[in-house]
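S.K.: Just passing along the structure, written as structure tokens.
The values are calculated or read from the model by the stated rules, or taken from the named source; none is laboratory data. Everything numeric in this text was worked out from a predicted model, so none of it was measured. Counting neighbours? That spans all protein chains shown, and the Cβs are built from the backbone with ideal geometry, glycine included. SASA here: full protein model, heavy atoms, side chains in, ligands and nucleic acids out. Shrake-Rupley method; radii C 1.70, N 1.55, O 1.52, S 1.80 Å.
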There are 2 protein chains.
Amino acid sequence: MNFRVAVVGSGAIGSYYGGKLAYHGRDVHFLVRSGLEEINQLGIDVRGRKESFHLAKVRAYKTTEAIGPCDLVLIALKATNNDLLPELISPLLHETTALLTLQNGLGNEEFLARYFGAERVIGGLCFICLNRVSPGVIEHFDYGHLTIGEFTGFPKPRTQDIASEFKRSGITCDVVENLMRERWHKLVWNVPFNGLSIAAGGITTQDILQDDSLRLSAFRLMDEVILAAGACGNRLPANVTFEQMKRTETMGAYKLSTLLDFEAGRTLEVEAIWGEPLRRAQAAGASVPRLEQLYAILKSLNSRRQ
Amino acid sequence: MNFRVAVVGSGAIGSYYGGKLAYHGRDVHFLVRSGLEEINQLGIDVRGRKESFHLAKVRAYKTTEAIGPCDLVLIALKATNNDLLPELISPLLHETTALLTLQNGLGNEEFLARYFGAERVIGGLCFICLNRVSPGVIEHFDYGHLTIGEFTGFPKPRTQDIASEFKRSGITCDVVENLMRERWHKLVWNVPFNGLSIAAGGITTQDILQDDSLRLSAFRLMDEVILAAGACGNRLPANVTFEQMKRTETMGAYKLSTLLDFEAGRTLEVEAIWGEPLRRAQAAGASVPRLEQLYAILKSLNSRRQ
């Protein structure tokens with residue numbers, strides 16, 4: 001049976017994962033809201049030190065009506081565009097269509113569940129460093145790992161099936177039992193490093209590590225996210241801070257994609273990465289003063305770019 | 001007997017207070033490190049809604065050797081230039097020369113005491129909104145009040161004498177018994193408003209008040225400074241936060257001089273306003289997470305402007 005996949009949002013993430021599935025022969029249909037002509041002409045071109053591939057013929061569409069019902073929808077829009085999703089996704093649904101959000105931060109699964117029912121919703125975390133140079137042209141810096149989990153609880157047969165589709169396309173893909181814990185785990189890194197790289201003046205992760213005050217701020221923010229995660233019922237392993245710092249040290253001096261986006265005048269996902277975690281932390285009674293302040297600063301910086 | 005005054009640092013603060021003393025007939029000598037020609041030609045011109053005056057003939061000098069010994073030295077350099085002071089001040093000293101620092105934040109009295117002896121040192125707090133447009137040309141937005149106090153403790157006869165010199169020149173001037181408490185009191189305002197106006201993207205005090213998250217951040221930072229002040233032995237009145245917020249509400253939407261300086265590429269007094277208070281708070285065991293993070297961010301922003 002043919003497994004039809006739609007990709008909504010053809011930025012770096014959508015182009016990479018959708019492109020990789022298509023390159024390995026899956027039946028993938030891309031919604032391309034801007035740059036359709038370029039993608040039709042040039043395809044999807046992923047370039048990197050560790051990995052490069054070119055998908056010459058892309059099934060690209062201007063609307064999701066033109067795509068029609070699919071078995072799996074990869075959602076890779078910025079969370080700041082979530083208000084478009086109810087209209088965009090409806091034409092892609094049949095009775096058992098699964099919705100896999102590859103978006104950052106907290107609140108995206110809940111949003112999809114509200115409109116389309118919680119049973120459809122799967123969350124995916126992308127551990128990857130990408131940058132979209134132009135429509136269809138993606139720089140791949142490092143990693144590529146995907147972690148997926150059911151929004152409503154334990155993995156189902158379909159979760160494993162979807163993971164297999166990714167694996168057969170050369171994408172490392174884990175299935176986890178507790179999606180929310182993974183989301184919080186990722187925030188332990190994203191909250192400090194994405195946040196401070198922007199708030200402290202457009203700097204790299206290495207700049208943060210090399211400045212005593214900023215490195216300390218990053219550590220303390222990590223502690224706050226771990227505290228918040230625990231208060232929200234997602235206890236993280238004790239060595240998570242150490243492990244994340246160690247990983248960061250090997251990353252080298254490159255600018256995060258959130259920072260590149262920000263510098264290019266695009267909107268930050270302030271609510272998904274900082275606002276929603278803050279609100280959940282506060283609702284659970286966790287004290288997160290640094291997150292509160294960083295959120296206020298980033299929200300202000302962001303509102304002045306629009 | 002003639003009372004000789006030297007002004008070291010002819011930015012907005014030095015030009016205003018020194019200019020006002022000279023305008024009222026005091027014997028004031030200005031060290032002008034840049035813009036000497038303009039000041040010799042055009043004098044000092046203070047323009048404002050509430051107050052304007054023009055001092056046509058300014059006693060301006062390129063070196064302090066040319067000024068020679070004085071009874072009072074007003075120090076109005078940026079704290080970031082303190083390393084110049086030992087050499088600049090020496091030629092101005094006789095046995096009882098008093099050094100009055102009008103600089104911001106914490107640590108300036110200690111610096112002068114280390115080089116010239118604590119007995120000479122007086123601290124002054126300027127409650128004034130000024131902007132230097134060009135050498136000698138100062139915009140006066142509001143206020144003008146001066147508060148002075150002895151570094152070593154209670155007021156002396158000379159403290160009152162100096163206050164009288166200011167008062168006779170139309171400058172409201174209080175003498176306080178506890179200089180450090182006044183310094184901390186002023187930081188309750190400067191730490192959040194100067195800091196957030198820069199970190200949150202070059203915004204006015206009104207922008208801070210009108211944004212729920214930023215206003216809350218300002219309140220919480222105020223709480224931290226009050227806590228730190230108390231831990232350092234300077235208990236502030238219970239209503240200080242309320243009073244400062246109320247005062248801020250009447251200020252209107254103008255950009256603080258620290259922000260204007262920052263936007264003009266000039267160096268922030270990061271250590272005097274955020275770094276030194278943070279270090280003293282931590283040494284006294286006060287928990288100041290927001291101050292710690294704000295300091296890290298501002299220090300990074302500042303280092304990238306130089």
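S.K.: How many residues does segment B:139-167 hold that are within 19 Å of B:MET251 (Cβ to Cβ) and touching a Ser or Thr at 6+ places or on another chain (Cβ under 6 Å)?
M.R.: 1
S.K.: Would you call B:LEU106 under 19 Å from the mean Cα position of the chain (by Cα) and either of a type in the set (Asp, Glu) or not in a strand (DSSP E or B) (or both)? Steps first, please.
M.R.: Working: under 19 Å from the mean Cα position of the chain (by Cα): yes; either of a type in the set (Asp, Glu) or not in a strand (DSSP E or B) (or both): yes.
So B:LEU106 fits the description; yes.
S.K.: Residues of segment B:215-234 being more than 11 Å from every other protein chain (Cβ to nearest Cβ) and either over 27 Å from B:ARG279 (Cβ atoms) or buried (at least 17 other Cβ atoms within 10 Å of the Cβ) (or both), which ones?
M.R.: B:MET222, B:VAL225, B:ILE226, B:LEU227, B:ALA228, B:ALA229, B:ALA231, B:CYS232, B:ASN234
S.K.: Pick out the one residue from A:THR152, A:THR159 that is outside the structural domain of A:LEU259 (by TED's automatic domain parsing), open to solvent by 40 Å² or more (accessible area, probe 1.4 Å) and among the hydroxyl-bearing types (Ser, Thr, Tyr). It would help to see each step written out before you state the result.
M.R.: Details: A:THR159 fails: open to solvent by 40 Å² or more (accessible area, probe 1.4 Å).
Going through A:THR152, A:THR159 in turn, the sole match is A:THR152.
S.K.: Among the residues of segment B:85-92, is any in a loop (DSSP other than H, G, I, E, B), in the same structural domain as B:ILE148 (by TED's automatic domain parsing) and not charged (D, E, K, R)? Lay out the reasoning, then the answer.
M.R.: Quick first cut of segment B:85-92, residues in a loop (DSSP other than H, G, I, E, B) only: none.
Looking through segment B:85-92, none of the residues is in a loop (DSSP other than H, G, I, E, B), in the same structural domain as B:ILE148 (by TED's automatic domain parsing) and not charged (D, E, K, R).
Let's see how each residue does on (1) of a type outside the set (Lys, Arg); (2) closer than 19 Å to A:MET180 by Cα; (3) not assigned by TED's automatic domain parsing to the domain that holds A:LEU196:
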position: A:ASP212; (1), (2), (3): yes, no, no
position: A:SER217; (1), (2), (3): yes, no, no
position: A:ASN234; (1), (2), (3): yes, yes, no
position: A:LYS246; (1), (2), (3): no, no, no
position: A:GLY252; (1), (2), (3): yes, no, no
position: A:PHE262; (1), (2), (3): yes, no, no
position: A:VAL270; (1), (2), (3): yes, yes, no
position: A:PRO289; (1), (2), (3): yes, no, no
position: A:GLN293; (1), (2), (3): yes, no, no
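S.K.: Mind counting the residues in segment B:254-306 that are in a helix (DSSP H, G or I), of a type outside the set (Gly, Ala, Ser), over 22 Å from A:ILE208 (Cβ atoms) and touching a residue at least 24 places away in the same chain (Cβ under 8 Å)? Break it down stepwise before answering.
M.R.: Step one: list which residues in segment B:254-306 are in a helix (DSSP H, G or I), which gives B:257-263, B:270-283, B:289-303.
Okay, now just the ones that are also of a type outside the set (Gly, Ala, Ser), so B:258-263, B:270-271, B:273-274, B:276-280, B:282, B:289-295, B:297-299, B:301-302.
Filter again for over 22 Å from A:ILE208 (Cβ atoms), leaving B:258-261, B:263, B:273, B:276-277, B:280.
Filter again for touching a residue at least 24 places away in the same chain (Cβ under 8 Å), leaving B:258-260, B:263, B:273, B:276-277, B:280.
Here the count works out to 8.
S.K.: In segment B:176-204, how many are within 13 Å of chain A (Cβ to nearest Cβ) and either among the β-branched types (Val, Ile, Thr) or open to solvent by less than 10 Å² (accessible area, probe 1.4 Å) (or both)? First the steps, then the outcome.
M.R.: In the first step, residues of segment B:176-204 are kept if they are within 13 Å of chain A (Cβ to nearest Cβ); the result is B:191-192, B:195-204.
Then keep just the ones that are either among the β-branched types (Val, Ile, Thr) or open to solvent by less than 10 Å² (accessible area, probe 1.4 Å) (or both); that gives B:191-192, B:195-200, B:203-204.
Of the residues in segment B:176-204, 10 are within 13 Å of chain A (Cβ to nearest Cβ) and either among the β-branched types (Val, Ile, Thr) or open to solvent by less than 10 Å² (accessible area, probe 1.4 Å) (or both).
S.K.: So if I check each of B:ASP212, B:ASP207, which one is in contact (Cβ under 8 Å) with a residue 40 or more places away in the chain, acidic (Asp, Glu) and over 19 Å from B:ILE273 (Cβ atoms)? First the steps, then the outcome.
M.R.: Values: B:ASP212 fails: in contact (Cβ under 8 Å) with a residue 40 or more places away in the chain.
From the options B:ASP212, B:ASP207, the qualifying one is B:ASP207.
S.K.: Tell me, which residue of segment B:296-306 that is open to solvent by 20 Å² or more (accessible area, probe 1.4 Å) and facing chain A (nearest Cβ under 7 Å) is farthest from B:GLY230 (Cα to Cα)? Working first, answer last.
M.R.: To start, the set of residues in segment B:296-306 that are open to solvent by 20 Å² or more (accessible area, probe 1.4 Å) comprises B:299, B:301, B:303-306.
With the extra rule that they be facing chain A (nearest Cβ under 7 Å), the set shrinks to B:299, B:301, B:304.
Working: B:LYS299: 25, B:LEU301: 29, B:ARG304: 34 Å.
Among them, the one singled out is B:ARG304.
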